[in-house]
Amino acid sequence: MEQQKHLPVMLDEALQGLEIQPEGIYLDCTFGRGGHSKAILDRLCGDGKLLAIDKDSEAVNSSVAMTLGKDSRFEIVQESYACLQQIVDKRGWNGKVMGILMDLGVSSPQLDSAGRGFSFLHSGPLDMRMDTHKGLSAADWLANVKASELTEVLKLYGEERFARRISYAIVAEREQAPIVNTRQLADIITDAIPFREKHKHPATRSFQAIRIYINHELDDLRVGLQQAVNVLKIGGRLVVISFHSLEDRIVKRFFRDEQRGGDFSKYLPIPTEASEPRLTKIGKAIQPSTMEVENNPRARSSIMRVAERI
Ligand code: SAH
C-alpha cells in the first residue's frame, strides 16, 4: 500500500547538519519512504553516492525505492543499520563516508497500515516487527513472556507507571484466549489502567515499549552509532533524529563520550585509559518549528543532534 504519506522530519535541518559535499558518499540508515534520501540525492553530483538501509521490506520495495534505484548513484539494502559497518566494508568505503543520517523509529506507513500491527488505533494482527522475517511477533512474545519480564519491559521502554497492573491483566487474559489483535491488546491495557493521561491513548506507552523490545531498537541504536563513527571520514557528519527520551538519551551520551574519549566525569582529570576523542558536537539539539509540528504530527517529539568526526 503506497497511499500513506510520509513527510520527512526536519528535512532542511538534516541537510544542513549533513553539510553535503556533492561528490561525497552518504548513508541513509532509515530509508522509510525516502523523504530524506531523495533530497540528499538531489544535492549530489555524478560522482556522489547514496547508500540507503532499511529493515523493512516494504520500505526497500516501495515505489520510491524503485524509482531512486534507477539512479546509478543510489543503492538500497534491506538490513539493520546495526550491520552498517559490514555493508560499508563490502563496498570498500570504510573511512570514506562523508555523512550518515539516522531518522529513528517507525514510519507513517508502518503506523498507518493495520496489517503491520503497530497501532492501537487500527484493528490488525499483533505483529509490530519492522523486519517481518526476523524474531518473534508481539503476539508470539506476549503468548509466553513471564509477567515479571513484561513488567520490566513496560517500565523500561514505556516508562509506564502501571506496568505491573497491565502485565498481570495481559497474563490473565491470555489464559482465556490468545492475544492476537492490536485492538484486543489496547482494550486490555485501557481496562487495566486506573486513570488516563490527557491527550494520550492509555495504550500509547505499552505499545511503544513492546515495539522497542520486539525490534531491539535501543540495542541496534547503540551498535549503529558506534559503527557509524567507525566508518565516517574525518570531517564527516553524523545526524540523528530521535523521537523519545530513551533514544535521545542514548544519542546525547554517545556524542558526549565520543567527544570526551570515554564515559567519565568532566570534573575529574582525564583518566589515562581515555581514548582519542572521535566526535565533536555541532551546535545544540534542534527541535522542529511550530509550523512543521502543525503540518506533520510525527515531528512533534523529534529532536535532532549533529556531530562531526574529528
Ligand atoms: N527518513 C525516512 C523515514 C524514516 S522512518 C523518510 O523520510 O521517509 C524510520 C525507518 O527506519 C522505518 O522505515 C524503519 O523500518 C527503519 N528502521 C528502524 N530501525 C531500523 C534498523 N535498526 N535498521 C534499519 N532500518 C530501521
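The values are calculated or read from the model by the stated rules, or taken from the named source; none is laboratory data. Being a predicted model, the structure only gives us computed values, none of them experimental. Cβ atoms come from the backbone with ideal geometry, glycine included; neighbour counts cover every protein chain shown.
The table for this structure:
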{"quantity": "Residue match in region 25-32 (condition: of a type in the set (Val, Ile, Thr), within 16 Å of the chain's Cα centre (by Cα) and closer than 18 Å to Trp93 by Cβ)", "calculated": "no"}
{"quantity": "Answer from Ala203, Ala172, Ala186 - the residue that is in contact with a helix residue (DSSP H, G or I) (Cβ under 6 Å, 6 or more places away or on another chain) and of a type in the set (A, V, I, L, M)", "calculated": "Ala203"}
{"quantity": "Hits in region 189-205 - residues which are more than 17 Å from Lys155 (Cα to Cα) and of a type in the set (A, V, I, L, M)", "calculated": "none"}
{"quantity": "Any hit, region 120-128, residues being in contact (Cβ under 8 Å) with a residue 60 or more places away in the chain, within 16 Å of the ligand (Cβ to nearest atom), more than 19 Å from Lys200 (Cα to Cα) and touching a Phe, Trp or Tyr at 6+ places or on another chain (Cβ under 9 Å)", "calculated": "yes"}
{"quantity": "Verdict on Trp93 being at pLDDT 95 or above and part of a helix (DSSP H, G or I)", "calculated": "no"}
{"quantity": "Close pairs from region 88-104: first over 22 Å from Gln16 (Cβ atoms) and in contact (Cβ under 8 Å) with a residue 40 or more places away in the chain, partner in a loop (DSSP other than H, G, I, E, B) and of a type in the set (Lys, Arg), Cβ under 9 Å, at least 6 apart", "calculated": "Val88/Lys96"}
{"quantity": "Check on Gly95, away from the ligand (no atom under 14 Å from the Cβ) and at positive phi", "calculated": "yes"}
{"quantity": "Failed criterion for Met98 (all others in (1) over 19 Å from the mean Cα position of the chain (by Cα); (2) at pLDDT below 95; (3) under 23 Å from Ile40 (Cα atoms) hold)", "calculated": "(2)"}
{"quantity": "Conditions (1) within 16 Å of Ile214 (Cβ to Cβ); (2) buried (at least 18 other Cβ atoms within 10 Å of the Cβ): number failed by Phe162", "calculated": "(1)"}
{"quantity": "Filter result (under 19 Å from the mean Cα position of the chain (by Cα), at pLDDT 95 or above and of a type in the set (S, T, N, Q)) within region 287-300", "calculated": "Gln287"}
{"quantity": "Filtered residues of region 208-250 (kept if among the polar types (S, T, N, Q) and within 14 Å of the ligand (Cβ to nearest atom))", "calculated": "Gln208, Asn215, Gln226, Gln227, Ser242"}
{"quantity": "Residue list for region 132-179, filter: under 22 Å from Gly115 (Cβ atoms) and within 25 Å of the chain's Cα centre (by Cα)", "calculated": "Thr132, His133, Lys134, Gly135, Leu136, Ser137, Ala138, Ala139, Asp140, Trp141, Leu142"}
{"quantity": "Qualifying position, being within 24 Å of the chain's Cα centre (by Cα) and either at pLDDT 95 or above or among the aromatic types (Phe, Trp, Tyr) (or both), among Asp187, Asp219, Asp191", "calculated": "Asp219"}
{"quantity": "Any helices (runs of 4 or more DSSP H) falling wholly within region 1-65 and containing at least 3 residues that are surrounded by fewer than 21 Cβ atoms within 10 Å (Cβ to Cβ) and more than 11 Å from the ligand (Cβ to nearest atom)", "calculated": "11-18"}
{"quantity": "Residue, farthest from the chain's Cα centre (by Cα), within region 258-286, restricted to residues that are of a type in the set (D, E, K, R) and at pLDDT 95 or above", "calculated": "Arg278"}
{"quantity": "Residue count for region 225-250, restricted to those that are surrounded by fewer than 19 Cβ atoms within 10 Å (Cβ to Cβ) and of a type in the set (Lys, Arg)", "calculated": "2"}
{"quantity": "Residue in region 123-132 that is over 17 Å from Val180 (Cα atoms) and surrounded by fewer than 23 Cβ atoms within 10 Å (Cβ to Cβ) present", "calculated": "yes"}
{"quantity": "Filtered residue count, region 240-292, keeping only those that are free of Cβ contacts under 8 Å to residues at least 40 places away in the same chain, assigned to a helix (DSSP H, G or I), under 22 Å from Leu27 (Cβ atoms) and hydrophobic (A, V, I, L, M, F, W, C)", "calculated": "2"}
